[in-house]
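Engineer: The structure is given below, and queries will be raised subsequently.
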Amino acid sequence: MRLTFDEETEKKFIDIASNRKVFLEGNILRLIDTIDGTEFDAYVTEAVKKDEETRKKRLEITRQVQDQNKELQAKADENDKLMEELKVALETAEHAREEAINDLSLMQRKTQFELIGNIVQIALWVIVGVGIIVTGMYLFAMFVNSNETTLIGNTWSNLFGILLTNSFSIIGTIMGVKYAQNEKETKDSK
């Protein structure tokens, strides 16, 4: 099916093209019948040329948009990859931080345990040393038949009572501090 227009319609198309620079475009131009050499034939020929130029421009713009979309997609993929790497690095850093905190806590506990052990050991050596010295004095007084054996015996007995009381007091204080510290760490971890 072909399209033909009367002269008045053809003139209207030509007037619109000359006054407003608006032409028919698209596949409809292929269906219009014209008489060669007429003014309307020149109009249709020009409309076809303009339509081809417009289509080329649109195609070029479409290609540019597609190329830009490909670039944007590639950059988005790269950003996603970087974000994933960042997440992995963050998790690794967090894990390393937790390990460092655990190692530090373990070292502090070990140091505290060693310190407590040293304090208890020294306290026991002092208690044992004093006990040995006083026992040695008591035995010496008994060996030489001193009149002071009763006094030294009472002193020896009192001194052992005091030493035992003090040793338990020291150990109890150290254990109490250790227990309080463990309770605080338990509350802090919650």
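Laboratory data are not the source of any read-out in this text; all were calculated from the coordinates shown. Given the structure is predicted, the values throughout are model-derived calculations rather than measurements. Glycine gets a Cβ as well: all are built from the backbone with ideal geometry, and neighbour counts include every protein chain shown.
Engineer: Can you pull out the residues in the range 116-161 that are within 30 Å of Val177 (Cβ to Cβ), surrounded by 12 or more Cβ atoms within 10 Å (Cβ to Cβ) and not aliphatic (A, V, I, L, M)?
Structural biologist: Gly131, Phe160
Engineer: Out of the range 97-154, which residues are touching an Asp or Glu at 6+ places or on another chain (Cβ under 9 Å) and over 26 Å from Thr173 (Cα atoms)?
Structural biologist: The answer is Ala141, and nothing else.
Engineer: If Glu98 satisfies every condition in (1) farther than 30 Å from Thr186 by Cβ; (2) within 21 Å of the chain's Cα centre (by Cα) but one, which is the exception?
Structural biologist: (1)
Engineer: Within the range 35-58, can you find the residues that are among the small types (Gly, Ala, Ser) and surrounded by 11 or more Cβ atoms within 10 Å (Cβ to Cβ)?
Structural biologist: Correct list: Ala42, Ala47.
Engineer: Right, something else. Scan the range 13-34 and give yes if some residue there is over 30 Å from Thr186 (Cβ atoms), touching a strand residue (DSSP E or B) at 6+ places or on another chain (Cβ under 7 Å), exposed (fewer than 12 other Cβ atoms within 10 Å of the Cβ) and of a type outside the set (Val, Ile, Thr), otherwise no.
Structural biologist: yes
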